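**Student:** First the structure, which I've put down as structure tokens, then a few questions once you've had a look.
The values are calculated or read from the model by the stated rules, or taken from the named source; none is laboratory data. Please read these numbers as outputs of a predicted model, since none were measured by experiment. Cβ coordinates were reconstructed from backbone atoms using ideal geometry, including for glycine residues, and neighbour counts include every protein chain displayed. All accessible areas refer to the heavy atoms of the entire protein, side chains included, with ligands and DNA or RNA removed. Shrake-Rupley method; radii C 1.70, N 1.55, O 1.52, S 1.80 Å.
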Amino acid sequence: MGKRSKALGMLAAACLTVGMAGCGNDGGSGSGGLDVGIVLPTKDETRWVQDETRFQEALADSDYSTEILFSQGSSAKEKENVETLISKGMDVLIIAPHDGAAAGAAVEAAKDEGIPVISYDRLITDTDALDYYVTFDSVAVGEAQGQYLVDNAEGDGIPLYLYAGAASDNNAFLFFEGAWKALQPKIADGTFVIANSSAAEGLKDKAELDRQEIGSIVGQLTTNWDPNEAKNKAETHLTSAGPDLKGDVSVLAPNDGTARAISDVFASDGAVTSYTITGQDADMASIQYIIDGKQTMTVFKDVRTLVEDAMGMAVDIIDGNTPETTATYDNGSMEVKAKQTDVIVVDQDNVKAELIDSGYYEASDFTGLE
Ligand code: BGC
């Protein structure tokens, strides 16, 4: 048995509480309070509800006491959550920040109490109050999205609509960096024509963009991870696009929530004859969209692995062992040791094999699945 699975095997006989005080079973080796405090960005996006569910499943037979709190898209609430967990005596903090830079203050409060901090999925930036980072390979996520559009491009002069995540999320930069790596050569050779960004148009001959350049594009194309904002932006873009920017189009949508919103807008424009659109997270609603042909692909990030890695790390720390890492990330203040997980491209061809046969979802959650 590998070291990590052994650590998880020790998570036997659970005490998981959600949004309330610990259940009094402190089976871990902690100081008598809470073993692991977990802070997630918002319940309003299915991605993070998915993480909550997977934490609950993984911890159902755990000896370690844990508590999950949501920050509801507020850095102030996030800091309050961390302070609540500190006051309950948590031994390790696992946190996915709402805003990567603003979360510095919250984790510094934990650090001041000597509590080790694991940044979860999103990197906390511009602070040295971090110990570890567990994440998917986010550049690879963007690259898979861009490459999918490239692989499915037929002919040339294809209108390309670009959308990005929130500028406060370091991942939005990594996703775009990866997508640009795949798309830029095909923009430069005329396969794609950028339809909706003067910033991207101005940089189209640069194979590699620096953070500031990516920032100028993200600033123009941000959805803020909000489907409503994505919808409004897509409507504005299609309203001002002429017939040469319609027909068969390609759309880089950063995640599933925004992809569904953007898809609905493109589907309702009579001058758009077909659209290829990306996503990520394998949201249940997007899996149905893929089955129905309304979203073309998603990047499946197996949250079970991320949860296992994060809890494995926390348990290692509690037990005085050094967690295994596979990469480092520069957060602007320090090199953060990271454990990185691969991602899988899912479309109509492999949706059943990857998401149903693998036990991630139940076939009965969907209609029209063959
Ligand atoms: C996560 C994505 C998620 C997005 C919006 C990113 O940091 O990596 O999985 O879709 O935030 O919540």
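**Student:** If residue 90 passes every condition in (1) in a loop (DSSP other than H, G, I, E, B); (2) open to solvent by 10 Å² or more (accessible area, probe 1.4 Å); (3) away from the ligand (no atom under 12 Å from the Cβ) but one, which one does it miss?
**Tutor:** Unmet condition: (2).
**Student:** Within the range 122-137, can one find any residue that is within 25 Å of residue 90 (Cβ to Cβ), assigned to a loop (DSSP other than H, G, I, E, B), touching a His at 6+ places or on another chain (Cβ under 9 Å) and not aliphatic (A, V, I, L, M)?
**Tutor:** Yes; the residues of the range 122-137 include at least one that is within 25 Å of residue 90 (Cβ to Cβ), assigned to a loop (DSSP other than H, G, I, E, B), touching a His at 6+ places or on another chain (Cβ under 9 Å) and not aliphatic (A, V, I, L, M).
**Student:** Additional query: Mind listing whichever residues of the range 148-166 are within 16 Å of the ligand (Cβ to nearest atom), in a loop (DSSP other than H, G, I, E, B) and under 17 Å from residue 196 (Cβ atoms)?
**Tutor:** Taking the range 148-166 and keeping what is within 16 Å of the ligand (Cβ to nearest atom), we get 163-166.
Applying the additional criterion that residues be in a loop (DSSP other than H, G, I, E, B) yields 163, 165-166.
Across the range 148-166, the qualifying residues are 163, 165.
**Student:** Let me ask something else about it. If I ask for residues that are surrounded by 15 or more Cβ atoms within 10 Å (Cβ to Cβ) and aliphatic (A, V, I, L, M), which ones from the range 316-330 would you list?
**Tutor:** The answer is 317, 318.
**Student:** Here's a follow-up. What are the residues in the range 169-188 that are within 16 Å of the ligand (Cβ to nearest atom) and either assigned by TED's automatic domain parsing to the domain that holds residue 119 or more than 13 Å from the chain's Cα centre (by Cα) (or both), if any?
**Tutor:** Of the residues in the range 169-188, the ones within 16 Å of the ligand (Cβ to nearest atom) are 169-179.
Scanning the range 169-188 gives 177, 178, 179.
**Student:** I need the full set of residues from the range 276-296 which are in a helix (DSSP H, G or I) and of a type in the set (A, V, I, L, M, F, W, C), in order please.
**Tutor:** Pass one, the range 276-296, residues in a helix (DSSP H, G or I): 284-291.
Across the range 276-296, the qualifying residues are 284, 285, 287, 290, 291.
**Student:** Which residue, of 240, 197, is among the polar types (S, T, N, Q) and crowded, with 17+ Cβ neighbours inside 10 Å?
**Tutor:** Answer to the selection: 197.
**Student:** What is the number of the single condition among (1) surrounded by fewer than 22 Cβ atoms within 10 Å (Cβ to Cβ); (2) away from the ligand (no atom under 16 Å from the Cβ) that residue 250 does not meet?
**Tutor:** (1)
**Student:** So which of 264, 244 ends up being away from the ligand (no atom under 16 Å from the Cβ), touching a residue at least 40 places away in the same chain (Cβ under 8 Å) and of a type in the set (Asp, Glu)?
**Tutor:** Details: 264 fails: touching a residue at least 40 places away in the same chain (Cβ under 8 Å).
Going through 264, 244 in turn, the sole match is 244.
**Student:** Now for a separate question. If residue 286 satisfies every condition in (1) free of Cβ contacts under 8 Å to residues at least 40 places away in the same chain; (2) open to solvent by 10 Å² or more (accessible area, probe 1.4 Å); (3) under 24 Å from residue 361 (Cα atoms) but one, which is the exception?
**Tutor:** Every condition holds for residue 286 apart from (2).
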